[in-house]
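Okay, so here's the structure we're looking at.
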2 protein chains.
Amino acid sequence: MKEKELRRSLAVLPIGTVMKLANLTARQIRYYEEQGLSHPERNAGNRRMFSLNDVDRLLEIKDYLADGINIAGIKEIYAQQQQKAEQQAADLARPLTDNDVRQILHDEFLNIGGFKSKHGPEFPTH
Amino acid sequence: MKEKELRRSLAVLPIGTVMKLANLTARQIRYYEEQGLSHPERNAGNRRMFSLNDVDRLLEIKDYLADGINIAGIKEIYAQQQQKAEQQAADLARPLTDNDVRQILHDEFLNIGGFKSKHGPEFPTH
DNA sequence: CATACATGTAAGAAAATATCACATCATTTA
DNA sequence: TAAATGATGTGATATTTTCTTACATGTATG
């Protein structure tokens, strides 16, 4: 569902629409951005343009505030989420390169030996 | 998927966004509306507000025009689609009301007879 | 050639949004 | 308790976006 993700991250909504969707004032929306919690894009005329993901983020902020968490707390929450995401990206990227390395080594052995490995289902053995 | 349908029909996009999404000029978008092919909503300030369905419709119009069909032709296509939709709605609605009628009659027979049918044929014949 | 169709363009008004500054009200802190 | 802070309201003013209306243009068609 790459398509859906792309759609959700398209910055297509002006602040007036977002105000209605999230039930927030323009002041609140701009303040959360000023505090580094939200990062809407800007169009050529400097107007903020929001994606559906941006709206979700604003609703999340609103919930946190309603739960008594202040902006500093929310900022910390997002910082930790960011860290976790980075770690996961690293975890995901490392095995791939390891596999690449093995593949390369494997190929080199094949070339050197002039014959194919007999184990593993990957190639016919005869 | 009622949720998705609701989302797609929410009028949240200003004309500037739609111009970019559909790659049409404001003139074109307004003209298609003037010709009765598109029906965007208006906000309190009389600004056109489009849904994703509206954008799809505009892309469709664009395709038809690119295929050499003129506006009158497109109008006719949509008129026929409208007719078909109405017919289907009627087809869908009629059995329901028929069932309602049977149910009502059945209930009335019960009331009159003062006893319940033991099922099979819906009402006792004597 | 005259017409109609689809679109471009310009003018002026109204609406939406931007930034900035100051106000307010509740909560914390000194 | 006074002072500071945090989240939001409000007002002023500038800029951008969109609206309607009118006229222009190019292309195809009778």
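The values are calculated or read from the model by the stated rules, or taken from the named source; none is laboratory data. None of these values were measured; they are calculated from a predicted model. Here the Cβ is made from the backbone with ideal geometry for all residues, glycine too, and neighbour counts use every protein chain on show. These accessible areas exclude ligands, DNA and RNA; they are computed on the full protein's heavy atoms, side chains included. Shrake-Rupley method; radii C 1.70, N 1.55, O 1.52, S 1.80 Å.
Need one number: the % of Cα-Cα pairs in region A:1-69 sitting beyond the 21 Å mark.
21 percent
Shortest first and in nm to one decimal, what separations exist between residue A:15 and its copies in the other chains, measuring from label points 7 Å along the Cα-to-beta-carbon line?
Counterpart label points of residue A:15 in the remaining copies fall at 2.2 nm.
Using a 7 Å offset from Cα along the direction of the beta-carbon, what are the separations from residue A:84 to the same position in each other copy, nm, ascending?
For residue A:84, the inter-copy label distances come out at 4.8 nm.
Say a label goes 7 Å from Cα toward Cβ at residue A:59 in every copy; what distances in nm does this one have to the rest, shortest first?
Result, one decimal in nm: 2.3.
Any idea of the total accessible area buried by the A-B contact, 1.4 Å probe, rounded to 100 Å²?
Interface between A and B: roughly 700 Å².
Per residue in region A:1-40, which ones lose no less than 50 Å² of accessible surface when going from chain alone to all protein chains (1.4 Å probe)?
Going by heavy-atom accessible area, the residues of region A:1-40 that drop by at least 50 Å² are A:12.
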